[in-house]
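Peer 1: One structure is given below, represented as structure tokens, and several questions about it will come after.
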């Protein structure tokens with residue numbers, strides 16, 4: 001049977017190649033919730049966040065959950081952006097040109113569409129080393145999160 005190459009499907013078809021995004025945090029969220037700017041950040045000075053962050057790698061989301069402040073459990077959510085996203089300049093421009101961590105930011109909300117419930121965290125000594133490094137940066141006045 002010959003197919004007409006100009007024929008388009010009437011509805012978009014699901015694809016296994018759609019980008020998956022993650023958000024690591026200690027916030028207790030549920031499917032359908034929106035993650036939005038304007039709330040206190042889980043990081044740094046914990047002031048009102050100008051941006052929210054997501055990543056296309058599970059490893060970066062694990063770091064986000066492990067480094068988040070607060071008393072909650074470490075959580076990793078599957079999220080979908082509701083607007084434009086852009087490279088996170090703290091990681092892409094300053095530390096890892098080319099964005100190998102696939103870390104992004106936005107001023108538009110992210111919708112929670114699921115949760116990763118089984119994941120392996122980093123070794124505690126590695127987490128403690130990262131926290132010590134971040135504390136040194138904070139003491140030096142380097143505490144961006146894209147202020």
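Yes/no per residue for (1) more than 17 Å from residue 24 (Cα to Cα); (2) modelled with pLDDT of 75 or more; (3) not in a loop (DSSP other than H, G, I, E, B):
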{"residue": "96", "(1), (2), (3)": "yes, no, no"}
{"residue": "100", "(1), (2), (3)": "yes, yes, no"}
{"residue": "119", "(1), (2), (3)": "no, yes, no"}
{"residue": "122", "(1), (2), (3)": "no, yes, no"}
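Peer 1: Quickly run through the stretch 42-66 and pick out the residues that are over 12 Å from the mean Cα position of the chain (by Cα) and modelled with pLDDT of 90 or more.
Peer 2: 66
The values are calculated or read from the model by the stated rules, or taken from the named source; none is laboratory data. Keep in mind the model is a prediction, meaning the values are calculated, not measured.
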